[in-house]
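Have a look at the structure below before the remarks.
Read-outs: derived from the displayed coordinates by stated rules, not from any lab. Here the structure is a predicted model, which is why all the values come from computation and not from measurement. Methodologically, a virtual Cβ is constructed for each residue, glycine included, from the backbone with ideal geometry; neighbour enumeration extends over all protein chains shown.
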Amino acid sequence: MSQDRDTIRVYDERAAEYASVTAQHVNSPFLQAFIAALPPAARVLDLGCGPGLFAAEMARAGLRVDASDASAEMVALAAQHRDVSASLATFDELSATDTYDGIWANFSLLHARRADLPRHLAAIHRALRPGGQFHLALKTGTGDGRDRLGRFYTYYTPDELTALLHAAGFTVTKITPGRDKGLDGTESDWVSVATHA
């Protein structure tokens, strides 16, 4: 996750509440498609894992799951799930090379600064094995700002996001828009992107 202290503080203070909100989305078709695209017993990373609910689903599907988050409270929740290896880390601490068959970044990289996203995408591409799957979901829009809870967000248009992914070496295979209510109670537009290295 980002190194923005206010954002991390919100997640630390509202970890259980966020887990409750996230639980409504665990049976995600995006997650099922991500798992289906991977080989059996694939090694995956849930980057910005939050309470680890998606990571737990991946583990139940037989994947070998690493999970990381910048919120200590979120990592504590994620570590409670069976067969999930959870660690405290920011996006900048991803230093793996040719390690993962898939990386899942579901509504986590939206907390990174715009200037930092190309660097993070390059690190993700480096961490994936050739042909590795990458799921990315972000809120759409323009500019950046904080929500009612004080969390920092950077917003992207689908075209802007596609260009950034292509520049990092990814092949975009599917883009799906949506709209949903988040932790702050506000309806927001978002986009889910399926890609591979």
Inset, instruction - Pull out the extension gain between Arg148 and Lys181, defined as 0.36 nm times the separation in residues minus the alpha carbon to alpha carbon distance; nm, one decimal. - result: 10.6 nm
Inset, instruction - Two decimals is fine: what is log10 I(q)/I(0) at q = 0.20, 0.30, 0.31, 0.33 Å⁻¹ for segment 37-81, from a Debye sum with one equal scatterer on every Cα and no solvent? - result: -0.54, -1.02, -1.07, -1.16
Inset, instruction - With a ≥ b ≥ c taken as the square roots of the eigenvalues of the C-alpha gyration tensor of the chain, please select rounded if a/c is under 1.5 and otherwise prolate if a/b is larger than b/c or oblate if it is not? - result: rounded
Legend entry - Positive-end residue of Ala36, Ala76, Ala89, charge dipole of the chain with Cβ unit charges: Ala36
Inset, instruction - Grab the Cα-Cα distance for Gln32 and Thr157, subtract it from 0.36 nm times how many residues apart they are, and report the gain in nm with one decimal. - result: 42.5 nm
Legend entry - Estimated [θ] at 222 nm from DSSP helical runs (n ≥ 4, -39500 (n - 2.57)) normalised by residues in the chain, nearest 500: -9000 deg cm²/dmol
Legend entry - Interchain or long-range residues, amide H under 5 Å from Cys49's placed H: Ser68, Asp69
Legend entry - Length gained when the stretch Asp6-Arg82 is fully extended (0.36 nm per residue, less Cα-Cα span): 24.4 nm
Inset, instruction - Report the calculated FRET efficiency for Ala16 and Ala96 (r = Cβ-Cβ distance, R0 = 25 Å), to the nearest 0.05. - result: 0.25
Legend entry - Cα centroid separation, segment 38-57 to segment 69-148 (Å): 11 Å
